[in-house]
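Below: the structure, in structure tokens.
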Amino acid sequence: MRVRRAFWIGAAGAGLFLLFLALSLRLFVAGGIGVGDPLPEFVLYTLDGEAVTPESWRGRPVVLRFSSAGCTACADDFELLGALQAELGQQALVAAVQVGDTPAAVRAALRGRQVHVPVYLDPAGEAARALGLRFVPGVYFVTSRGTLSSAAAAELSRVDLATHIPLMLAGGPDLLDQLKRVSQMIRCRECEGRSIWESDAPTSLELREQVRELLLAGMRGEEILAAFAEQYGEWILMAPPARGFSALVWALPGAALAGGLVAWGRLLARSRRARRSGEAPSGAPASEQEREELLQQIDEYLS
């Protein structure tokens, strides 16, 4: 009896501890994004209530530290955040995101202190859920293109910044894939039928480097292609958009095929009528002549 009572007391104590841990860590539903994915749309707020979105950071790498004043297991890392920002300078932005906190609670926690990084509020945890943050603290490293470079579910002091920071500044682990994808859509200026990704011509190497710099500057693939088309003309694209004369060129093969099918259908219908009547239709050409005419029509459509 005493053993059973001790068991239930222990189980209740463990349950209360887990509940306390869950509340102190502010658990959230997992959703999230993967490495290389663009940041989802969400809104953070300054302590003065001004809205901030990920789009406002594009063109600059960002380190987002998620924590909460109500997290009893979270360290006070504002000095570390300030030191990291001082080390990075203009290379990247370091920001503190307070999850589930009110402006009053954050101001009380920071009273009398100088904070050298922007402090944002995620009052309902919407940004945390969108990113897939299960609990605080957590750190997200975002490239200048607005894509996730890496993430760490740990205190800032325990994160391997020497690995995460250079990768983020270099454009993230997927930069090469993005460079390849965009470069394959841009035509080599010195060779025929090849993209700048497939060519080692001097101008292709220069354009590839230009694409890489534009990606690091925060431009998306479709924006880079549009910029190249505006600068060089649509011929620079391996697959120009189908409009105007280009649309006519793309549509001609389909129209020719459709015309040939229509002619073939008419010939078959006339042949069936002739077989049912037992004689050739009035004024109809002979069968061999019909076939020759059909082939001639198809050649004309396809030429």
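The values are calculated or read from the model by the stated rules, or taken from the named source; none is laboratory data. Note that the structure is predicted; figures quoted are calculated from it, not measured. Backbone-built Cβ (ideal geometry, glycine too); neighbour counts: all protein chains shown.
Cβ-Cβ contacts under 6 Å between residues 6 or more apart (or on different chains), taken from a first residue in the stretch 83-100 that is in the same structural domain as H164 (by TED's automatic domain parsing) to a second residue that is modelled with pLDDT under 95 and part of a strand (DSSP E or B), are absent.
Selection of the stretch 115-135 for residues being of a type in the set (D, E, K, R) and crowded, with 21+ Cβ neighbours inside 10 Å yields only D122.
Does any residue of the stretch 91-112 turn out to be among the basic types (K, R) and in a strand (DSSP E or B)? No - not one qualifying residue is present in the stretch 91-112.
Taken together, L93, L110, L88 contain a single residue that is surrounded by fewer than 18 Cβ atoms within 10 Å (Cβ to Cβ) and in contact with a Lys or Arg (Cβ under 7 Å, 6 or more places away or on another chain), which is L93. Tell me, please, whether a residue that is in contact with a Gly (Cβ under 7 Å, 6 or more places away or on another chain) and not assigned by TED's automatic domain parsing to the domain that holds A75 can be found in the stretch 207-216. Yes, there is a match, as at least one residue in the stretch 207-216 is in contact with a Gly (Cβ under 7 Å, 6 or more places away or on another chain) and not assigned by TED's automatic domain parsing to the domain that holds A75.
Counting just the residues of the stretch 48-73 that are closer than 27 Å to A108 by Cβ and either outside the structural domain of A153 (by TED's automatic domain parsing) or surrounded by 20 or more Cβ atoms within 10 Å (Cβ to Cβ) (or both), which one comes out nearest to the chain's Cα centre (by Cα)? Looking at residues that are closer than 27 Å to A108 by Cβ and either outside the structural domain of A153 (by TED's automatic domain parsing) or surrounded by 20 or more Cβ atoms within 10 Å (Cβ to Cβ) (or both), I get V62. Of the residues in the stretch 173-181, at least one is surrounded by fewer than 16 Cβ atoms within 10 Å (Cβ to Cβ), within 30 Å of A96 (Cα to Cα) and of a type in the set (A, V, I, L, M).
Restricting the stretch 148-172 to residues that are surrounded by fewer than 21 Cβ atoms within 10 Å (Cβ to Cβ) and closer than 16 Å to W57 by Cα leaves a set whose member that is nearest to the chain's Cα centre (by Cα) is G171.
Being more than 23 Å from I165 (Cβ to Cβ), modelled with pLDDT under 95 and either out of contact with any Lys or Arg (no Cβ under 6 Å at 6 or more places or on another chain) or of a type in the set (S, T, Y) (or both) holds for only one residue in S67, S56, S24, and it is S24.
Table: residues versus (1) in a helix (DSSP H, G or I); (2) among the acidic types (D, E).
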site	(1), (2)
P173	no, no
Q178	yes, no
E192	no, yes
S199	no, no
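Among the criteria (1) in the same structural domain as R58 (by TED's automatic domain parsing); (2) out of contact with any Gly (no Cβ under 8 Å at 6 or more places or on another chain); (3) part of a loop (DSSP other than H, G, I, E, B); (4) of a type in the set (A, V, I, L, M, F, W, C), the one L133 does not fulfil is (2). Of all the listed residues (R145, R187), the sole one being assigned by TED's automatic domain parsing to the domain that holds V63 and either surrounded by 18 or more Cβ atoms within 10 Å (Cβ to Cβ) or without any contact (Cβ under 8 Å) to a residue 60 or more places away in the chain (or both) is R145.
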